[in-house]
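Heads up: the structure comes next, in structure tokens.
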Amino acid sequence: MAEQLLYPVPEEWAAEAKVGSAAYDAMYAAAAADPDAFWLEQAKRLEWVKAPTVAGEWSFDEADFGISWFKDGVLNVAANCLDRHLATRGDQIAIIWEPDEPGEEPRRYTYAQLHEEVCRFANVLKAQGVRKGDRVTVYLPMIPEAAFALLACARIGAIHSVVFGGFSPDALAGRIQDCDSRVVITADCGRRGGKRIPLKANVDAAAPRAPSLEKVIVIKATGDDVPMHDRDVWYHEVAASVSTECAPEPMNAEDPLFILYTSGSTGKPKGVLHTTGGYLLWASFTHELVFDYRPGNVFWCAADIGWVTGHTYVIYGPLANGATTLMYEGLPNWPDASRIWQVVDRHQVHTVFTAPTALRALMKEGDAPVKATSRKSLKLLGTVGEPINPEAWRWYHEVVGEGRSPIVDTWWQTETGGALIAPLPGATDLKPGSATKPLPGVHPQLVDETGQVLHGATSGNLCLTASWPGQMRTVWGDHARFFQTYFTTYPGKYFTGDGCRRDEDGYYWITGRVDDVINVSGHRMGTAEVESALVLHPRVAEAAVVGMPHDVKGQGIYAYVTLNAGETGSDGLNAELKQWVRKEIGPIASPDVIQFAPGLPKTRSGKIMRRILRKIAENDIGSLGDTSTLADPSVVDDLVANRATLG
Ligand code: WTA
């Protein structure tokens, strides 16, 4: 039987969706024809202290480079996510928290309770000397206090910088220091899949390398014994004596809201900066449109708040829209492969939004763990973070969704603030593996290597020719790097770093990164970062890292390592180096395979030919291409002969 390639909008969705196919076309056309009018109208979805009179003012050209949205508007993000809902839905559940341990009681917070918790947290921050514009590093597990902390920062105008709990003390120290953060909010320990993550101990280990750090606010989450130092305070102790009233700070639309570090093709991770008005508008607009959000629906984005998906679709988008958002502490497949669907049943989840890597891992366990659950409440499915292979897409659609729920495959980046290319469930016919069409205000363009614009059905590098409100505004502390990274490859355009195909229906198919970034389990990893970690090892002379195909992670990490003269590789050293990278960066960066290489393929000018290394890692030996320009072509034979495979 031929595979189904097109999945039309289901009839109920076509009939009932907020935005149908004609409405989508009309919106897209309106946003293109008069962006200022369109976005000033959309801005009314937020509550402003002072409404903006100007929309986007931007240029991607070097001479007058700059990006702003709603620059004369004044608002507060926490007031938009909390206070304005109190009159109409103060008693509605804002956050449902599902703990790691399946037997443990969930916690629920109404909007009124969440408001109180956030005000209390905001006063704790103030009591610790945090002021508007200060950077606050958040290193927390997926507990309700993480939501309180982010919204508390937003309430007083402090800039939060969340660091994923899986990052090492070194990676944490670098991120504290880069933005000169004086305060870290952490917990005694985190829990995930039944394991403890020693967050407080990691902060202690990071502290000597983060001289800006003055205060650590510690939340008692697990009750584990942790040593307290002079700089440490227990959250519950300070919180006991502060008021639960805290007026929201009026913020300019262009005041910073948060920094989030992300990997690029070169250098250290970049502090992506998002601002107040445009980001919140994009979070709210896309959450409502892409997920057709209606009051009463329980929305579950399974991402960790350490990533942008957790910022936009666990916290800001849903809460701005007065939604009920589910926060889950654990892993989708712990204690077993039914857990994710048990959580859906327990909380009557309407929309589940997760990463292809999680689906592939669950698919491996077969259909029985899914079929053991009801999933009757589930009406909409979403994916994000990496291309989804059609096989996983169909499994999600048929087995999980029983064929009734559309899948919204959302393409976006930390830099874009929220989804840019994604179907609308009531408007867009679906094709498995395609993120389908751009949202209103999004103008994709495909170009070839020389920057030549490509038209019609074709493949190329994905650029965006116009700004949208949720676009990042700068790299923290390095505006020149912002311009250099995104706007110089193809002058006058934002370059995404992704390769993409556009088909005859104008659908976009993201093919993956075309730069030296790899996507491991939906997490971005700079190959240069892993290489830097490897060469710090005393026995390593040189390292080159590329991606390799991996059936669960999407991409795995393949490292070629040249040892110092006189050293020889061994299984022991192989394991030691993997452990080393874990400690330097975190478990997500640990190489899947390491090949000891006496030499790396270099041009006569000394540049490593990564193209060849990628082909060997992909086991695509037949198409290595011309190797005659190498300084020493014979190294390739050795690399091919000793190719490493997943163990
Ligand atoms: C990839 C995550 C294909 C892409 C929101 C992008 C995707 C990078 C998709 C950004 C998708 C994200 N289909 N690829 N639906 N979504 N990507 O910054 O390569 O962690 O550039 O943001 O993930 O990763 P980031």
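By the rule of a C-alpha distance below 18 Å, with chain neighbours fewer than 8 residues away ignored, the aspartates and glutamates paired with LYS431 are GLU3, GLU11, GLU386, GLU391, GLU398, GLU402, ASP409, ASP503, GLU504, ASP505.
Packing here is the average count of other Cβ atoms within 10 Å per residue, and on that basis the peptides 512-525, 490-503, 625-638, highest first, run 512-525, 490-503, 625-638.
For TRP58, the residues whose amide H sits under 5 Å from its own are SER68, ignoring neighbours fewer than 5 places away on the same chain, with H placed 1.01 Å from N. Derived scalar couplings between HN and Hα for the range 385-399 equal x, 6, x, 9, 6, x, 5, 5, 4, 5, 5, 4, 5, 7, 7 Hz in order, rounded to whole Hz, by the Karplus curve 6.51 cos²θ - 1.76 cosθ + 1.60 (θ = phi - 60°), x for Gly and Pro. In order along the range 204-220, the Karplus-derived 3J(HN,Hα) couplings, from 6.51 cos²θ - 1.76 cosθ + 1.60 at θ = phi - 60°, round to 4, 6, 6, 3, x, 9, 10, x, 6, 5, 10, 9, 10, 9, 10, 8, 7 Hz, and Gly and Pro are given as x. The phi-based Karplus calculation (6.51 cos²θ - 1.76 cosθ + 1.60; θ = phi - 60°) puts the 3J(HN,Hα) values of the range 255-263 at 5, x, 9, 8, 10, 9, 7, 9, 7 Hz, whole numbers, x for Gly and Pro. Neighbours of THR603 by Cβ distance under 12 Å: Lys/Arg scored +1, Asp/Glu scored -1, total +3. The order of the peptides 85-95, 28-38, 166-176 by mean Cβ neighbours within 10 Å, most packed first, is 166-176, 85-95, 28-38.
Under the definition of Cα pairs under 8 Å and six or more residues apart, what whole-number percent is the relative contact order of the range 502-647? For the range 502-647, the relative contact order is 19 percent.
Measuring from each cysteine beta-carbon in the chain, the ones with no other cysteine beta-carbon under 4.7 angstrom are CYS81, CYS153, CYS179, CYS189, CYS301, CYS463, CYS500.
Taking 17 Å as the straight-line reach from the Cα of LYS71, the aspartates and glutamates in range (excluding those fewer than 8 positions away in the same chain) are ASP36, GLU41, GLU47, GLU57, GLU249, GLU254, ASP255. Here the chain is assigned +1 on the Cβ of each Lys and Arg and -1 on the Cβ of each Asp and Glu. Its dipole about the Cα centre then comes out at about 600 debye.
Counted over the chain, the DSSP beta bridges are approximately 60% antiparallel. Look at where the Cα atoms of the range 437-452 and of the range 41-103 average out, and the two centres are 27 Å apart. For the pair the range 491-547 and the range 353-390, the centres of their Cα atoms are 25 angstrom apart.
Helix-only mean residue ellipticity at 222 nm, the chain, DSSP H runs n ≥ 4 weighted -39,500 (n - 2.57), per residue, nearest 500. What is it? Result for the chain, helices only: -8000 deg cm²/dmol.
Provide the percentage of antiparallel DSSP beta bridges, counting only those with both residues in the range 521-642; round to the nearest 5. Present the calculation step by step, with values, prior to reporting the outcome.
Values: 12 of 16 bridges.
About 75 percent, rounded to the nearest 5.
Legend: residue pairs LYS364/LYS578; LYS200/LYS268; LYS270/LYS553; LYS132/LYS553; LYS268/LYS615, Cα-Cα distance threshold 29 Å; pairs beyond threshold, LYS132/LYS553.
Highest mean first, what order results for 262-273, 49-60 on Cβ atoms within 10 Å? Before the final figure, lay out each step's value.
Values: 262-273: 20.2, 49-60: 16.6.
Listed from highest to lowest mean packing, they are 262-273, 49-60.
In this Cβ point-charge picture (+1 for Lys and Arg, -1 for Asp and Glu), the range 157-290 has a dipole of about 580 debye about its Cα centre.
Laboratory data are not the source of any read-out in this text; all were calculated from the coordinates shown. Remember, predicted model here, so these are calculated numbers, not experimental data. Cβ: placed from backbone, ideal geometry, glycine included. Neighbour counts: every protein chain shown.
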